Amino acid sequence: MSEPIVLGIESTCDETAAAIVQGRTLLSNVVASSMEEHARYGGVIPEIASRAHAEAFVPCVSKALADANMTLADVDAVAVSAGPGLAGCLAVGVSGAKALAWASGKPLYGINHVIGHIAVTQLQFGAFPPDTLALIVSGGHTSLLHVEDMPRKIDVVGTTLDDAAGECFDKVARLLGFPYPGGPHIDRHAQHGDPHAIRVPQGLTQGKAGAAHPYDFSFSGVKTAVARWVESEQADGREIPVDDVCASLADSVATVLARKAMRGCEQYDSNTLIVGGGFSANSQLRAKLLEYGEKHGVEVRIPQIKLCTDNGAMVAMLGVNLVEAGVAPSAPDFAIDSAMPLTKVSM
Ligand code: KG4
Ligand code: ZN
């Protein structure tokens, strides 16, 4: 099989998505979002999201196949996100994918959605170099990975000890009165602000804590510092300079991520940094990573914006990697794993 064709299905959170990838080529990519149904609650409501997946599953998969001019008979395998994510949401996607695979007699891979976020870069930049470093920044994860051999061997080098970067942005956004998800609003306002207007701590970068945790992250202090500052300004009757608050927060978070990622590249002797996850859509982080990469002689591979947030292409791409590597498909009775560890690439 020269260039495997894989149908990828995603339903971990509030996006139902399906895509077809052949080798390193994206043939179709369909995303349906239930985001608007959650906005008024200020966060994703799992029951509403699961129901939306049940409604969108067949239309999404049908459109992905139609857009690629294919039927299920043309694909070599089906891949579906088995975790991490919301249990009820995962169950809808996995059950649907099992039905498709069983009916068509195609092998099925239950894959790790977070590893998909970095796998997707291959559609733009080609295969991973061996022994490379990856930075995962999604709503729930902020981790540095050592990808020794994609998709066979992945280790966690560092991770957040508290909030993920995306979570930190979403929490500050709520404080500033932005609707859910707040990350993109902070991004937009930050573009007009002064990144040095207010002092925001850079967690685990200095002193003993920094030395003990060179590759770990902490963003809850960042969130608290911004919250305190905003509260004290309000108490004094001053107007909040929203753009400056956003710019200072974004600069602090992006700087920590870029510094630690570059240090990791040096440590692991990698001149490539793979980046992925919803938060990699953040423009301040993208600029900072490219700037630091240039300074350190590291090629930074960030997905195009539409492939940063949850999508089926990343699932299909990781599926192609598993097929190419000769990894056995998942057993027919594989379960979802809402807390799937990053070292586990497929079920
Ligand atoms: O990977 P993802 O789509 O969902 C998870 O699997 O967790 O990531 C969603 C996260 C949210 O926290 C959202 O606010 C953040 O990514 N995000 C952004 C931007 N776009 C999405 N954060 C900052 N700036 C953005 N442009
Ligand atoms: Zn995600």
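A few remarks follow.
- Evaluation of D243 against the conditions (1) within 16 Å of ligand 1 (Cβ to nearest atom); (2) surrounded by 19 or more Cβ atoms within 10 Å (Cβ to Cβ); (3) of a type outside the set (S, T, Y) shows that the sole unmet condition is (2).
- Of the residues making up segment 126-146, those that are open to solvent by 10 Å² or more (accessible area, probe 1.4 Å) and away from ligand 2 (no atom under 14 Å from the Cβ) are G126, A127, F128, P129, P130, D131, H146.
- Restricting segment 1-21 to residues that are open to solvent by less than 20 Å² (accessible area, probe 1.4 Å) and hydroxyl-bearing (S, T, Y), the residue that is nearest to ligand 1 (Cβ to nearest atom): T12
- Selected residue (criterion: nearest to A77 (Cα to Cα)) from residues of segment 307-326 that are open to solvent by 40 Å² or more (accessible area, probe 1.4 Å) and in contact (Cβ under 8 Å) with a residue 12 or more places away in the chain: E324
- Total residues in segment 301-339, condition under 19 Å from G166 (Cβ atoms) and not in a loop (DSSP other than H, G, I, E, B): 4
- Exactly one residue out of V245, V253 is more than 20 Å from the chain's Cα centre (by Cα) and either in contact (Cβ under 8 Å) with a residue 40 or more places away in the chain or within 16 Å of ligand 2 (Cβ to nearest atom) (or both), and it is V245.
- Number of positions in segment 85-118 that are within 15 Å of ligand 1 (Cβ to nearest atom) and surrounded by 23 or more Cβ atoms within 10 Å (Cβ to Cβ): 12
- In segment 24-57, the residue that is nearest to the chain's Cα centre (by Cα) out of those that are closer than 22 Å to I5 by Cβ and touching a residue at least 60 places away in the same chain (Cβ under 8 Å) is V31.
- Filtered by the rule that a residue be assigned to a loop (DSSP other than H, G, I, E, B) and hydrophobic (A, V, I, L, M, F, W, C), segment 150-165 gives M150, L161, A164.
- Candidates D216, D269, D251, filtered to the one that is among the acidic types (D, E), in contact with a Ser or Thr (Cβ under 8 Å, 6 or more places away or on another chain) and closer than 27 Å to L290 by Cα: D216
- Residues located in segment 4-21, provided they are in a strand (DSSP E or B) and either more than 18 Å from L72 (Cβ to Cβ) or touching a Pro at 6+ places or on another chain (Cβ under 7 Å) (or both): E15
- Residue within segment 22-39 that is farther than 22 Å from D74 by Cβ and loosely packed, with under 15 Cβ neighbours inside 10 Å present: yes
- Residue match in segment 171-178 (condition: open to solvent by less than 40 Å² (accessible area, probe 1.4 Å) and touching a Leu at 6+ places or on another chain (Cβ under 8 Å)): yes
- Per this entry, D269 is not counted among residues that are open to solvent by 10 Å² or more (accessible area, probe 1.4 Å), acidic (D, E), within 16 Å of ligand 1 (Cβ to nearest atom) and assigned by the TED database to the domain that holds E148.
Conditions tested, residue by residue: (1) buried (at least 24 other Cβ atoms within 10 Å of the Cβ); (2) touching a Pro at 6+ places or on another chain (Cβ under 6 Å); (3) modelled with pLDDT under 95; (4) over 29 Å from A91 (Cβ atoms).
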{"residue": "A281", "(1), (2), (3), (4)": "no, no, no, no"}
{"residue": "G293", "(1), (2), (3), (4)": "no, no, no, yes"}
{"residue": "H296", "(1), (2), (3), (4)": "no, no, no, yes"}
{"residue": "E299", "(1), (2), (3), (4)": "no, no, no, yes"}
{"residue": "Q304", "(1), (2), (3), (4)": "no, no, no, yes"}
{"residue": "A328", "(1), (2), (3), (4)": "no, no, no, no"}
{"residue": "M340", "(1), (2), (3), (4)": "yes, yes, no, no"}
{"residue": "T343", "(1), (2), (3), (4)": "no, no, no, no"}
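Let's see how each residue does on (1) in contact with an Asp or Glu (Cβ under 8 Å, 6 or more places away or on another chain); (2) within 16 Å of ligand 1 (Cβ to nearest atom):
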| residue | (1), (2) |
| --- | --- |
| G182 | yes, yes |
| D187 | no, yes |
| H196 | yes, no |
| R199 | no, no |
| T205 | no, no |
| G210 | no, no |
| F217 | no, yes |
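The values are calculated or read from the model by the stated rules, or taken from the named source; none is laboratory data. Just so you know, these numbers come straight off a predicted model, no measurement behind them. All Cβ positions, even for glycine, are placed from backbone atoms using ideal geometry, and neighbour counts span all protein chains on display. In case anyone asks, the SASA skips ligands and DNA or RNA and just uses the protein heavy atoms, side chains included. Shrake-Rupley method; radii C 1.70, N 1.55, O 1.52, S 1.80 Å.
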